[in-house]
1. Scan segment 97-110 for residues that are in contact (Cβ under 8 Å) with a residue 40 or more places away in the chain and either aliphatic (A, V, I, L, M) or not in a strand (DSSP E or B) (or both) and jot them down.
2. Test of understanding: among 157, 150, 193, 117, which residue is aliphatic (A, V, I, L, M), within 30 Å of residue 99 (Cα to Cα) and either surrounded by fewer than 17 Cβ atoms within 10 Å (Cβ to Cβ) or away from ligand 2 (no atom under 16 Å from the Cβ) (or both)?
3. Within segment 125-147, count every residue that is within 19 Å of residue 193 (Cβ to Cβ) and within 16 Å of ligand 2 (Cβ to nearest atom).
4. Does residue 103 satisfy being within 16 Å of ligand 2 (Cβ to nearest atom) and at negative phi?
5. Among the helices (runs of 4 or more DSSP H) lying completely within segment 253-363, list those that include at least 2 residues that are within 21 Å of the chain's Cα centre (by Cα) and either buried (at least 19 other Cβ atoms within 10 Å of the Cβ) or within 11 Å of ligand 1 (Cβ to nearest atom) (or both).
6. Using the structure shown, decide if residue 48 is among the acidic types (Asp, Glu), surrounded by 15 or more Cβ atoms within 10 Å (Cβ to Cβ) and assigned to a loop (DSSP other than H, G, I, E, B).
7. Determine the pairs where a residue that is over 24 Å from residue 283 (Cα atoms), located within segment 310-338, has a partner that is assigned to a helix (DSSP H, G or I) and not basic (Lys, Arg) with Cβ atoms under 6 Å apart, the partner being 6 or more residues away or on another chain.
8. Within segment 381-389, does at least one residue satisfy the condition of being of a type outside the set (Lys, Arg), touching a helix residue (DSSP H, G or I) at 6+ places or on another chain (Cβ under 8 Å) and under 21 Å from residue 228 (Cβ atoms)?
Amino acid sequence: MILLTLLLSCLVLTCAEDQGHCDAKDQSCEQVQKEEEKFIFYDVNPSEGFNLRRDVYMRFAIMISEAVKQDKRRNWKLVLPPWYNLYHWKTADPTDKPIPWNAFFDIKSLKSFAPVVELYEMFPKFKRKYFEIDRLYVLQNFPDAFENGVFDDKWEVSYNCHQGANFWGYKNITARETVCVRFQGKISKLWEVVSLHYSDRKIMFDHGEIPLHDLYGSKTFWDCRKSMKFNKKLVKKAKKFIADNFDCKKEICSSYISVHWRRQDFAKARKKDVPSVQGTVNQIDKAIKKFNPDIVNVFIASDASSSEIIGLENQLKLLGYKVYFYLPSKSDLEEYKDGGLAIIDQIICSHAAYFIGTHESTFTYRIQEEREILGFDSSTTFNRFCPDTGPCEKPSKWTIVNQ
Ligand SMILES: Nc1nc2c(ncn2[C@@H]2O[C@H](COP(=O)(O)OP(=O)(O)OP(=O)(O)O)[C@@H](O)[C@H]2O)c(=O)[nH]1
Ligand SMILES: *[C@@H]1O[C@H](CO)[C@@H](O)[C@H](O)[C@H]1NC(C)=O
């Protein structure tokens with residue numbers, strides 16, 4: 001009987017929470033009433049790639065998760081911004097719908113770190129023709145970040161900014177008010193902006209890439225990073241590729257090395273950071289000879305054109321290596337899309353005995369983090385391709401912090 005009562009009151013409570021009202025009979029209802037759910041939305045500068053966006057997510061997720069730990073903000077949730085029209089997604093179609101986060105990530109795992117909801121889950125909660133965000137804060141940089149020679153954390157309301165928010169491709173989302181805010185520094189300072197209008201329930205930050213991590217590389221940073229597990233289908237696909245080609249079923253494989261060979265805009269705009277095809281071949285060969293000359297399998301993740309890829313593959317084969325790429329079938333492409341295929345490449349790179357990445361590529365950074373989480377020795381992870389000539393700065397090492 002006691003159990004039944006418990007169960008019933010539980011039911012009443014969840015139902016009440018969903019509808020935002022409740023019978024006053026139940027005492028705990030009072031609390032629900034006082035603590036209306038509030039939501040933070042954000043979007044990122046359209047030209048930013050998938051992997052920088054993952055870091056921006058972490059900044060907001062940490063901001064919220066730290067705040068809900070303090071009692072007074074435990075009713076706040078973070079709305080996951082759908083993936084829409086990314087600059088690097090070459091096969092995308094303008095008629096493509098915004099892609100929810102569950103296509104790429106394990107939402108249950110994200111929720112174990114921060115209270116997040118998908119945007120599509122929000123629609124039924126607010127039954128109107130238009131989905132209205134109470135206030136849109138358009139963040140901008142200060143014209144001079146180092147005023148008087150110092151980089152201070154600061155923000156101020158300003159009066160002219162370009163309101164370019166496209167609401168993740170949804171035509172039926174609007175904002176009631178728009179406020180321009182110059183901002184620089186730690187993301188936790190955004191709570192000061194939030195408190196400008198404390199009764200708002202749905203607030204959005206555009207240019208979410210502007211606020212910075214409170215503590216980059218801290219334990220909290222890594223806890224959040226660990227919770228960013230990929231969607232199980234993608235993991236399964238990548239692991240099958242590894243098992244089939246490299247005969248490895250463990251997290252840490254010893255039978256292949258991997259490289260992330262970023263080309264396209266990098267090969268054009270960052271000539272001093274990336275090698276030629278021949279230079280790449282030489283560096284892979286040298287690294288394998290030094291690390292473990294018995295290894296013959298080389299996995300290549302790249303956004304290079306097929307002519308460059310063929311050049312690289314042929315020259316490596318001449319040296320006796322077996323070269324592997326993840327080549328999606330047409331149905332893989334339809335199912336996983338460019339975003340999912342890139343993640344499969346990243347997972348395969350993450351499990352290799354040794355990894356070489358591209359200098360200052362966020363795609364490479366995310367692989368390095370994954371390898372830190374998997375427990376690889378850092379010397380097998382923080383390696384980069386050097387330019388053919390000129391200086392080659394060592395890659396920064398962001399090693400894991402577990403406690
Ligand atoms: N499948 C696949 N896609 C890649 C690879 N390298 C780059 N890309 C694509 O190009 C995008 C690169 O943008 P980011 O993810 O932001 O990474 P980045 O290399 O730092 O590039 P920036 O946007 O200049 O910072 C990725 O998101 C992928 O869509 C690769 O090795 N494999
Ligand atoms: C907005 O449009 C999308 C489809 O484009 C739909 O799924 C959603 O329910 C709509 N939201 C509202 C609040 O009408």
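Nothing in this text is a laboratory measurement; each read-out follows from the coordinates by a stated rule. Please read all numbers here as calculations on a predicted model, not as lab measurements. A quick note on method: Cβ atoms are made from the backbone with ideal geometry, for glycine too, and the neighbour counts reach across all protein chains shown.
1. 97, 98, 99, 102, 103, 104, 106, 109, 110
2. Numbers: 157 fails: within 30 Å of residue 99 (Cα to Cα); 150 fails: within 30 Å of residue 99 (Cα to Cα); 117 fails: either surrounded by fewer than 17 Cβ atoms within 10 Å (Cβ to Cβ) or away from ligand 2 (no atom under 16 Å from the Cβ) (or both).
Every option except 193 fails the conditions.
3. Looking only at that region, the number is 2.
4. yes
5. Details: elements: 265-269, 277-291, 306-318, 330-350.
The helices (runs of 4 or more DSSP H) meeting that bar are 265-269, 330-350.
6. Judged against the criteria, residue 48 is a match.
7. Listed pairs, sorted by first residue: 328/341.
8. Applying the first criterion (of a type outside the set (Lys, Arg)) to segment 381-389 yields 381-383, 385-389.
Adding the requirement that they be touching a helix residue (DSSP H, G or I) at 6+ places or on another chain (Cβ under 8 Å) leaves 381-383, 385-388.
Imposing the further condition that a residue be under 21 Å from residue 228 (Cβ atoms) reduces the set to 381-382.
Yes, because at least one residue in segment 381-389 is of a type outside the set (Lys, Arg), touching a helix residue (DSSP H, G or I) at 6+ places or on another chain (Cβ under 8 Å) and under 21 Å from residue 228 (Cβ atoms).
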